[in-house]
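Undergrad: Just dropping this structure here.
The values are calculated or read from the model by the stated rules, or taken from the named source; none is laboratory data. Quick caveat, the model's predicted, so the values are computed rather than measured. A quick note on method: Cβ atoms are made from the backbone with ideal geometry, for glycine too, and the neighbour counts reach across all protein chains shown.
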């Protein structure tokens, strides 16, 4: 019986020793959470250096001092310097020569003969202008209504036998090529012949001069 108890105590003691040895090799959480002191010192040193560098960068640039001599010189009023006088010495020989030259010119003017006066002679004969100007062509005056009988007059006295002629459009110009008329709705120019027989001799400001069967008459405009 005692032998069995001794064996149990011994096994219990061995088991406790083995358990205490295993737990002794595992570090505690308190030792694991501890930070070394040199790491704290290094972090503090870095923070100080960063603060110093930041202060240097943010510090405003120092204004360079202005020398007192320049300030005093700027405050002094500007003084006007007298302009230098230029003195030119004229040699007496030059003045003598100029005076003698002026005297010679005056003497030459006095001895010079008076200028001749030119009198323009104008002929008393009147100038006659030529009657014919070269380059100008005179056109004969246009016939008027008073110089020629009208169509109604020659029809009344039986000189011509024509149907009724009506002047619809009358265009007169100084240029003969630009003149034209419409007689009975037919366009005519100078030297053209109507369908009714008369010849258009001339277009005047008063109307149209027609010629038919040897009789010249006027078709007046309305």
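Undergrad: What single numbered condition from (1) in contact with a strand residue (DSSP E or B) (Cβ under 6 Å, 6 or more places away or on another chain); (2) surrounded by 18 or more Cβ atoms within 10 Å (Cβ to Cβ) fails to hold for residue 204?
TA: Single failed check for residue 204: (1).
Undergrad: Turning to a different aspect of this structure: Between residues in the range 200-222 that are at positive phi and residues that are surrounded by 20 or more Cβ atoms within 10 Å (Cβ to Cβ) and assigned to a strand (DSSP E or B), which pairs lie under 6 Å by C-beta distance while being six or more apart or on different chains?
TA: 207/218; 207/219
Undergrad: Still on this structure, please answer the following. Can you pull out the residues in the range 132-176 that are under 60 Å from the mean Cα position of the chain (by Cα), loosely packed, with under 10 Cβ neighbours inside 10 Å, on the phi < 0 side of the Ramachandran plot and modelled with pLDDT under 85?
TA: Of everything in the range 132-176, those that are under 60 Å from the mean Cα position of the chain (by Cα), loosely packed, with under 10 Cβ neighbours inside 10 Å, on the phi < 0 side of the Ramachandran plot and modelled with pLDDT under 85 turn out to be 132, 133, 134, 136, 137, 138, 139, 140, 141.
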